[in-house]
């Protein structure tokens, strides 16, 4: 048994900070450029593609967290340019939105449920963290699109959509979106398997389970919904005999064979034992961290690491 708050989350902040310059380098930071605020470097700089992968715009969320993180080694803390670049990412996100409110990730006119849900959350949370006015029309169009679409075979995306609708409802002060968020979350919890896992393409996947748990923790932060807390607890219990003492796990038989671990849900729900195992793996350099990943997958994992550190550093309520 690990004692309460015996697990320091500072290494998550340190690892995320190690990716800050890399993530900044993905973005067009020239305010005179027509693609100012675009963080898909393969589009605005290399011109290898002719449309933007909207998931790169989640860099705005990373920068907002970077702006708020008071870690001793964070030279970007409360830096005005970091704040401006975060909002530039949100503004460019609004510019690349399809007319129906959706966004693309892998091909033009894809209208991806995944990218629309995750980037809606990122844009809304960036504005909330920085106390900035959101691009109301873009947020509402994205939220309405998410309300009318779903992907129940991929439960981490459903969890992201519930959290996105919740944050959109908060920043727009829209009761209809808040109700839609609650309904989406209820549907998600109804789909949780008795063993405690959330299905990913017909089975369980440990990495995606940690993303879902991260989304549940975010939703719980804003609602204190005890049904969400209990569902998360069941999700942690499912992982208990699968994550080894050094934070590794056997991914070969899982449905999507992911190898990462998103720590935010474990910190918010104070799952110290599982979190300490992952921390041990980081110390031994045997578990995957953001530095091991390509640009596309480095970003969301680095966001979760930094979000964990920011939450841990916040004064107790």
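Results, tabulated for the structure shown:
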| item | result |
| --- | --- |
| 222 nm mean residue ellipticity, helices alone, for the chain (DSSP H n ≥ 4; -39,500 (n - 2.57); rounded to 500) | -17500 deg cm²/dmol |
| Zone residues, region 155-177, relative to residue 201, backbone N less than 20 Å from point 7 Å out along Cα-to-Cβ | 155-161 |
| Gained length - residue 81 relative to residue 193, 0.36 nm times residue gap less alpha-carbon distance | 35.8 nm |
| Whole-Å distance, taken between Cα centres, linking region 43-76 and region 193-258 | 26 |
| FRET E, pair residue 111, residue 229, Förster distance 41 Å, beta-carbon r, rounded to 0.05 | 0.80 |
| Sequence of 226, 158, 147 once ranked by neighbouring C-beta atoms within 10 Å, starting from the fewest | 226, 147, 158 |
| Overall dimensions of region 245-317 by Cα: Rg and Dmax, Å | 12.9, 41 |
| Convex hull per residue volume in Å³, alpha carbons only, for region 5-152 | 137 |
| Highest average packing first - 41-52, 86-97, Cβ atoms within 10 Å | 86-97, 41-52 |
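Laboratory data are not the source of any read-out in this text; all were calculated from the coordinates shown. Given the structure is predicted, the values throughout are model-derived calculations rather than measurements. Cβ sites come from the backbone with ideal geometry, for glycine too, and all protein chains shown count toward neighbours.
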